[in-house]
Structure formats: C-alpha cells, structure tokens
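This report concerns only the one structure given below.
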Amino acid sequence: MKHIYKINKWWIITTIALYFTFWGGILFQILLGILQLISFSIYIANWSKIKPSIKSFLYIYGIITSLLIALLFSRLNESVFIVWVISGGVAFYFLYITYQQNKFLSREL
C-alpha cells in the first residue's frame, strides 16, 4: 500500500507527457483510470490502515467516480467529453489522497 502514491504519480506524469501526442494521452488516461480504480479497491480492502481524515476524501472520490461511470454509460452524446475532462481533475484529486496516505504511512514506520 505504501507504493501506491509513487506508482500513481508516475502514471500521471507519463499521461501528461503522452498528451503531447494527443492520442497517446487519451489512451493512457483510460489506463490511469483503471489503475486508480484498482488502487481505490486496495485502499477499501485495507480500510483499517487508512488515516481517519483521508477516509472522507475516499468517500468523495468513490461517489464522484461512480457518478462519472454512470454518466459514461448514460448514452448522452456529450458524456464522453464531460467524463474525459472531469476525470483528469479526479486523477489529481486521487493523487493528493495517495500523497496524504503515503505521508501518514511514512510517519507510522
């Protein structure tokens, strides 16, 4: 669980770098989203080890992500663009969550 922040940080940096090719960034953002959902699942599975103040951030992340996934499958023409733009911000929000949790775990050791 302590490596989630580093992995997430490098995937975000790689995604940003690949946006210079445009299509590479879009495709990598999809993979970044999948990685973050897996990381979120790891946090949920280790709920007792999560810093109490970060749990509320994870609730918010889960709600926003669920709404984005529902919007993506709503079949609205604009939904793909909306999800694409908002998910970039959500990716940075999750990076902040992983950073805070990483700091908390570092202090415990």
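Of the residues Ile12, Ile26, the single one that is open to solvent by 30 Å² or more (accessible area, probe 1.4 Å) and assigned to a helix (DSSP H, G or I) is Ile26. With respect to being at pLDDT 90 or above and surrounded by 11 or more Cβ atoms within 10 Å (Cβ to Cβ), Leu35 fits the description. Taken over region 44-61, the criterion of being open to solvent by 80 Å² or more (accessible area, probe 1.4 Å) and either in contact with a strand residue (DSSP E or B) (Cβ under 7 Å, 6 or more places away or on another chain) or of a type outside the set (A, V, I, L, M, F, W, C) (or both) is satisfied by Ser48, Lys49, Pro52, Tyr59. What number of residues within region 55-109 are modelled with pLDDT under 95, among the aliphatic types (A, V, I, L, M) and within 19 Å of Ile12 (Cβ to Cβ)? Residues meeting the conditions: 4. Among the residues of region 62-76, not a single one is open to solvent by 80 Å² or more (accessible area, probe 1.4 Å) and under 16 Å from Asn102 (Cα atoms).
The values are calculated or read from the model by the stated rules, or taken from the named source; none is laboratory data. From a predicted model like this one, the values you see are computed outputs, not experimental measurements. Every residue, glycine among them, receives a Cβ derived from its backbone with ideal geometry; neighbour counts consider all protein chains shown. Surface areas here come from the heavy atoms of the whole protein model, side chains and all, with no ligands, DNA or RNA. Shrake-Rupley method; radii C 1.70, N 1.55, O 1.52, S 1.80 Å.
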